[in-house]
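Structure first, commentary second.
The values are calculated or read from the model by the stated rules, or taken from the named source; none is laboratory data. Since the structure is predicted, the reported quantities are computational estimates derived from the model, not experimental observations. In this analysis, Cβ positions are derived from the backbone assuming ideal geometry, glycine residues included, and neighbour counts consider all displayed protein chains. SASA here: full protein model, heavy atoms, side chains in, ligands and nucleic acids out. Shrake-Rupley method; radii C 1.70, N 1.55, O 1.52, S 1.80 Å.
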Amino acid sequence: MMWQQTIIHIPPKARGFHLITSEVVSQLPQISYYDTGVLELFIQHTSASLTINENADPTVRADFERHFSHLVPEDMPYYTHTYEGSDDMPAHLKASLLGHSLTIPIGSGKLMLGTWQGIYLGEHRNHGGQRSIVATLNGNINQE
Amino acid sequence: MMWQQTIIHIPPKARGFHLITSEVVSQLPQISYYDTGVLELFIQHTSASLTINENADPTVRADFERHFSHLVPEDMPYYTHTYEGSDDMPAHLKASLLGHSLTIPIGSGKLMLGTWQGIYLGEHRNHGGQRSIVATLNGNINQE
Amino acid sequence: MMWQQTIIHIPPKARGFHLITSEVVSQLPQISYYDTGVLELFIQHTSASLTINENADPTVRADFERHFSHLVPEDMPYYTHTYEGSDDMPAHLKASLLGHSLTIPIGSGKLMLGTWQGIYLGEHRNHGGQRSIVATLNGNINQE
């Protein structure tokens, strides 16, 4: 049984949805030690999110940005938290609609993502800066 | 302390929301071994989802299908990922709005769901096929 | 390695979003024992939710209530689950949009929330009553 924890720093990204699977996995070589377990990723911000979706066609990510900006528009007349810019309150709402953490099973030293699944970072601010993700691993270590 | 992991195969279901609590629990008799722990369910697809909601009245599930299809309509003019059919891009978006995994506490050998809570599978494609859910159990084994 | 589990009872709150970080943490003094681990919070209801968002300005919570009530209006003509009141079906939908559980990493005896992150309870009923949250702790105990 072993716990490991590390903070992954993601350099600033443009507003939108970004496939970060390899950026995350390359910083967690210790996944290969685990026979059975889970990886928990937790983003320490309130205007960016983590979700899982299609890892192949980039138009899916572009459609995500368009649809979430349609679902949570800027400058709604009922917003009162407006002093941090038009993109701020929608960013908070999108972050909670999508979520702040992912728990991904590990089996035989690998993340058990489906064939078409990848990890998305949702950057919901126009200029979001660096983002920090706490990665916590827990599981049985393989006995090879 | 014990980890167990298994893949549950859910036969093809119609588009909509389905109560799968007993279908899941019946395939995990080992839940009863755990004194304190968690069950993590993770669906390995990008156009189906897992969520928790009301386990009694089927009209709740029907209203879920209607409301999510209202919130994420087909054929929005800004969709560019369109070559897999009108139901495909909305299915990806619904999957991320609802989420891909559930973490349910276990106490005294049972899932600690509330009285009215059940596990829903959201099938967001018109013809989604079989769905795979990775079930990972982790906890203290009871010493009876 | 240690598991602990407790049920936190949250007294009735008004419809809307409530910052409950200190209400939760004050009932979990054992967090300080954990060197590395996770806290899982699971709300045992289908018309209330847990999410993470901005812990400072209360207008963010007010805008959450307004936006989620805009996104999931009462009395939509396609709702058929209507006999529990106009606020009931929207409450179920909001609960699944936001989610029923949070998994928060623990490091060096503290929740690893970001500077601006707090725990929100979303009360989606007009008169929701007391809410129960199962808190499950798992991790390495520090050896001081």
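Just the C-alpha atoms of chain B: what Rg/Rh do they give, with Rh taken as the Kirkwood radius?
On the way: Rg = 16.6 Å, Rh = 16.1 Å.
Ratio of gyration radius to Kirkwood radius for chain B: 1.03.
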- Message: Positive end of the dipole of chain A, charges at C-beta (+1 Lys, Arg; -1 Asp, Glu), about the Cα centre: which of A:Gln27, A:His81, A:Ser69 has its Cα farthest in that direction?
- Response: A:Gln27
- Wrap a convex hull around the Cα atoms of the protein assembly as shown, take a quarter of its surface area, and give that in square nanometres. 20.0 nm²
- Query: For labels at C:Ser22 and C:Asn142 in the simple 7 Å Cα→Cβ model, what's the distance in nm?
  - Reply: 2.2 nm
- Computed over the protein assembly as shown, protein heavy atoms only, probe 1.4 angstrom, the accessible area per residue in square angstrom equals 36 Å²
- Item | 1.4 Å probe, heavy atoms, protein only - residues of segment A:1-48 losing at least 20 Å² accessible area vs chain alone | A:Met1, A:Trp3, A:Gln5, A:Thr36, A:Val38, A:Glu40, A:Phe42, A:Gln44, A:Thr46
- Note down the accessible area of C:His70, probe 1.4 Å, to the nearest 10 Å². 100 Å²
- Here FRET efficiency (C-beta to C-beta, B:Glu84 to B:His9, R₀ 22 Å, nearest 0.05) is 0.45
- Computed magnitude of the charge dipole of the protein assembly as shown (debye, nearest 20; Cβ of K, R +1, Cβ of D, E -1): 300 debye
- The local net charge around C:Gly37, scoring Lys/Arg +1 and Asp/Glu -1 for residues other than C:Gly37 whose Cβ lies under 13 Å from its Cβ, equals -2
- Message: Limiting things to C-alpha atoms, what are the Rg and the maximum Cα-Cα separation (Dmax) for segment A:88-135, in angstroms?
- Response: 13.6, 42
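Give me the dipole magnitude in Debye, nearest 20, for segment B:53-144 about the Cα centre, with unit charges on the beta carbon: positive for Lys and Arg, negative for Asp and Glu. Walk me through the numbers before you get to the answer.
Numbers: 6 positive and 11 negative charges, 58 e Å.
Taking the Cα centre of segment B:53-144 as origin, the dipole is about 280 debye.
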- Message: Over chain A, what is the relative contact order in percent, taking alpha-carbon pairs closer than 8 angstrom and at least six residues apart?
- Response: 54 percent
- Query: So, with a 1.4 angstrom probe, what is the percent of accessible area on the protein assembly as shown that is carbon and sulfur?
  - Reply: 51 percent
- Task: Excluding residues on the same chain fewer than 8 positions from B:Lys94, give the aspartates and glutamates whose Cα lies under 13 Å from its Cα.
- Result: A:Glu54, A:Asp63, B:Glu65, B:Glu74, B:Glu123
- Query: Per the helix-only calculation at 222 nm, which mean residue ellipticity applies to the protein assembly as shown, given -39500 (n - 2.57) for every DSSP H run of n ≥ 4 and division by its residues, nearest 500 deg cm²/dmol?
  - Reply: -6000 deg cm²/dmol
- Note on the structure: Taking a crude spin-label model, label points 7 Å out from Cα along the C-beta direction, the B:Lys110 to B:Gln130 distance in nm is 3.3 nm
- Item | Nearest-10 value in Å² for the accessible area of B:Trp116, using the 1.4 Å probe | 150 Å²
- Message: I'd like the residues of segment B:117-144 whose 1.4 Å-probe accessible area shrinks by no less than 50 Å² going from the isolated chain to the full set of protein chains.
- Response: B:Gln117
- iface B-A | buried accessible area, total | probe 1.4 Å | Å², round 100 | 2600 Å²
- Choice from A:Tyr83, A:Tyr120, A:Tyr33 showing the highest fluctuation, given a GNM over chain A with Cα pairs closer than 10 Å: A:Tyr83
- Query: Out of A:Gln143, A:His45, A:Ser108, whose Cα points farthest toward the positive end of the dipole of chain A (charges: +1 Lys, Arg; -1 Asp, Glu; placed on Cβ)?
  - Reply: A:Gln143
